[in-house]
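Trainee: Mind looking over this structure? Questions follow.
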Amino acid sequence: MGPWLSNLLILAACCYECRGEDSVIQPPGDVITTEGEQITLDCQFDADDTRNLYLFWYKHEVNGFPKFMLGRFSFGSKNATEFKDRFHAHLDADSKSVPLMIQRLQLSDSAWYYCALRPTVTTGYTASLQKLFVCVI
Ligand SMILES: *[C@@H]1O[C@H](CO)[C@@H](O)[C@H](O)[C@H]1NC(C)=O
């Protein structure tokens, strides 16, 4: 394991946090996987009102900006063009989860992934975020 990778893993371990009343909970730690595999990243959230949910998945590449991937809402959805084919997210209001599945992993999928919840009860954008690092080797 190269020093840059261990640094990333240490960074990933430190990024696990959870704040706020409506919040998202992703399991801590990192995912190390190989090309061609399929993974599912879990995202549990907590929200008082499960009738008006807005869940978003983002990809944040090392040295890049966070990119919107998929949005799953109580009513409707949104998909960024780049993430239409191999990426799937399903919002389950009963189990309060919105897992993200990535199929046929490519090296370029190595990145931080995080889900965010936008509560509708408050004004503005008050999502809590956690990141999960996926390393495709
Ligand atoms: C986004 O993708 C999902 C799954 O492929 C599809 O069911 C949904 O209709 C798409 N949403 C939009 C707005 O195109």
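The values are calculated or read from the model by the stated rules, or taken from the named source; none is laboratory data. All values derive from a computational prediction rather than experimental measurement. Methodologically, a virtual Cβ is constructed for each residue, glycine included, from the backbone with ideal geometry; neighbour enumeration extends over all protein chains shown. Ligands, DNA and RNA are stripped out before the accessible areas are found, and what is left, the full protein with its side chains, is counted by its heavy atoms. Shrake-Rupley method; radii C 1.70, N 1.55, O 1.52, S 1.80 Å.
Trainee: State the number of residues belonging to segment 52-82 that are in a helix (DSSP H, G or I) and away from the ligand (no atom under 11 Å from the Cβ).
Mentor: 1
Trainee: For residue 108, state whether it is surrounded by fewer than 13 Cβ atoms within 10 Å (Cβ to Cβ), more than 16 Å from the ligand (Cβ to nearest atom), under 16 Å from residue 42 (Cβ atoms) and of a type outside the set (Phe, Trp, Tyr).
Mentor: Criteria not met by residue 108.
Trainee: Taking interchain pairs and intrachain pairs at least six residues apart, which have beta carbon atoms under 6 angstrom, with the first residue in segment 49-65 and on the phi > 0 side of the Ramachandran plot and the second modelled with pLDDT under 90 and open to solvent by less than 30 Å² (accessible area, probe 1.4 Å)?
Mentor: Qualifying pairs under 6 Å: none.
Trainee: I've got another one for you. Based on what the data block shows, is residue 85 out of contact with any strand residue (DSSP E or B) (no Cβ under 8 Å at 6 or more places or on another chain) and within 11 Å of the ligand (Cβ to nearest atom)?
Mentor: For residue 85, the condition - out of contact with any strand residue (DSSP E or B) (no Cβ under 8 Å at 6 or more places or on another chain) and within 11 Å of the ligand (Cβ to nearest atom) - is met.
Trainee: Kindly indicate whether residue 95 is in a helix (DSSP H, G or I) and open to solvent by 20 Å² or more (accessible area, probe 1.4 Å).
Mentor: In short, no.
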